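Here is the structure we will look at, set down as structure tokens.
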Amino acid sequence: MADPRIGVACEQVAARAREHFAESDRIMDKCARKTVRAPRIMRVAYGAIFKALIARGWAAPRKRVKVSKPLLLLTILRYALI
């Protein structure tokens, strides 16, 4: 984890993750809203973590990233209850 080239490897993984997020969005957009409730909630949560990781960067020291509770609550309201 202390290798200075960690950022290069992480950027490659992040690029692939971006592709996967985009593909999952395309797939979910074709599905009925009711059938993709849980995947949508997970997409928002993991998407927020991903964005925070990208913004934080890969250089040490790395601070912990997490999803805000208000974002999770709004997401649950939006996709699970409404």
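The values are calculated or read from the model by the stated rules, or taken from the named source; none is laboratory data. Keep in mind the model is a prediction, meaning the values are calculated, not measured. Cβ sites come from the backbone with ideal geometry, for glycine too, and all protein chains shown count toward neighbours.
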Residues to consider are ILE76, ILE54; find the one that is modelled with pLDDT under 95 and of a type in the set (A, V, I, L, M).
ILE76
Could you pull out the residue among ILE27, ILE6 that is in contact (Cβ under 8 Å) with a residue 24 or more places away in the chain and β-branched (Val, Ile, Thr)?
ILE6
Select from segment 35-82 the residues that are charged (D, E, K, R) and closer than 22 Å to ALA22 by Cβ and list them in ascending order.
ARG37, ARG40, ARG43, LYS51, ARG56, ARG78
